[in-house]
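J.: Here it is: the structure, laid out below.
The values are calculated or read from the model by the stated rules, or taken from the named source; none is laboratory data. Keep in mind it's a predicted model, so treat the numbers as computed, not measured. Glycine also receives a Cβ, built like all others from the backbone with ideal geometry; neighbour counts cover every protein chain displayed.
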Amino acid sequence: MAMLTVLLLLSAAFALGDAISSGIRLCPSGWAYYGSRCFMFVKTARNWPEAERHCISLGANLASVHSSEENQFLQDVVSSKTGSFTATWLGGFDTIPGLVGKDRLWFWSDGADFDYQNWNQGEPNNNGGREPCIVMNFGGTVNTAGKI
């Protein structure tokens, strides 16, 4: 199995409860709050399945993206930790090998609706073989990548 060396961005919806209305810290230390979720960038090279398993071990999933504003926030999180727009796994994946191009069915690993996409030009394309996973930070857009 080929391994794409990228970093991972994970998100979790912690039990925020009354914390939102009371103004207390919403996310654990090291996590960044956006919307109703907490995000953390992990600077460790893993393939997509390993990255998702690591996130699950922390009670989270690889990040799903639902708006251009959230996409920009995630870009900023990665940039603040790495000093650049480093290629980073997101939780997007497709599970139906026979479909190609824009007809592919995409899902988020956290079960959220796949209601936003910001594909790089020509993506998704399975360049060089099956690419069932999503990597962000190609000029602010996402590419397909990885073999699982």
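J.: Could you check how many residues of region 87-121 are in a loop (DSSP other than H, G, I, E, B) and modelled with pLDDT of 85 or more? Lay out the reasoning, then the answer.
T.: Step one: of region 87-121, the residues in a loop (DSSP other than H, G, I, E, B) are 87, 95-100, 104-105, 109-118, 120-121.
Next, only the ones that are modelled with pLDDT of 85 or more stay: 87, 105, 109-118, 120-121.
Looking only at that region, the number is 14.
J.: Name every residue in region 68-99 that is more than 17 Å from C38 (Cβ to Cβ) and hydroxyl-bearing (S, T, Y), in order of residue number.
T.: Residues satisfying the conditions are S68, S79, T82, S84, T86, T95.
J.: In addition: Going through region 48-70 one residue at a time, which ones are surrounded by fewer than 20 Cβ atoms within 10 Å (Cβ to Cβ) and touching a residue at least 60 places away in the same chain (Cβ under 8 Å)?
T.: Step one: list which residues in region 48-70 are surrounded by fewer than 20 Cβ atoms within 10 Å (Cβ to Cβ), which gives 49-50, 53-54, 56-59, 66-70.
The one that is surrounded by fewer than 20 Cβ atoms within 10 Å (Cβ to Cβ) and touching a residue at least 60 places away in the same chain (Cβ under 8 Å): P49.
J.: Something else now. Would you check which residues across region 114-124 are of a type outside the set (A, V, I, L, M, F, W, C) and either surrounded by 14 or more Cβ atoms within 10 Å (Cβ to Cβ) or touching a residue at least 24 places away in the same chain (Cβ under 8 Å) (or both) and list them? First the steps, then the outcome.
T.: We begin by selecting, within region 114-124, every residue of a type outside the set (A, V, I, L, M, F, W, C); these are 115-118, 120-124.
The answer is D115, Y116, Q117, N118, N120, E123, P124.
J.: Mind listing whichever residues of region 64-78 are over 12 Å from V42 (Cα atoms) and either of a type in the set (A, V, I, L, M, F, W, C) or part of a helix (DSSP H, G or I) (or both)?
T.: Applying the first criterion (over 12 Å from V42 (Cα atoms)) to region 64-78 yields 64-76.
The answer is V65, S68, E69, E70, N71, Q72, F73, L74, Q75, D76.
J.: On the basis of being modelled with pLDDT under 90 and either farther than 23 Å from R53 by Cβ or not in a helix (DSSP H, G or I) (or both), does S84 make the cut? Let's see the steps before the verdict.
T.: Working: modelled with pLDDT under 90: yes; either farther than 23 Å from R53 by Cβ or not in a helix (DSSP H, G or I) (or both): yes.
Here the answer is yes, as S84 does meet what is asked.
J.: Select from region 14-39 the residues that are at pLDDT below 50 and under 19 Å from S64 (Cα atoms) and list them in ascending order.
T.: Scanning region 14-39 gives A15, L16.
J.: I would also like to ask the following. Residue by residue through region 27-56, note down the ones that are of a type in the set (G, A, S) and either under 19 Å from Q75 (Cα atoms) or touching a helix residue (DSSP H, G or I) at 6+ places or on another chain (Cβ under 7 Å) (or both).
T.: Of all residues in region 27-56, those of a type in the set (G, A, S) come to 29-30, 32, 35-36, 45, 51.
Passing the criteria: G30, A32, G35, S36, A45, A51.
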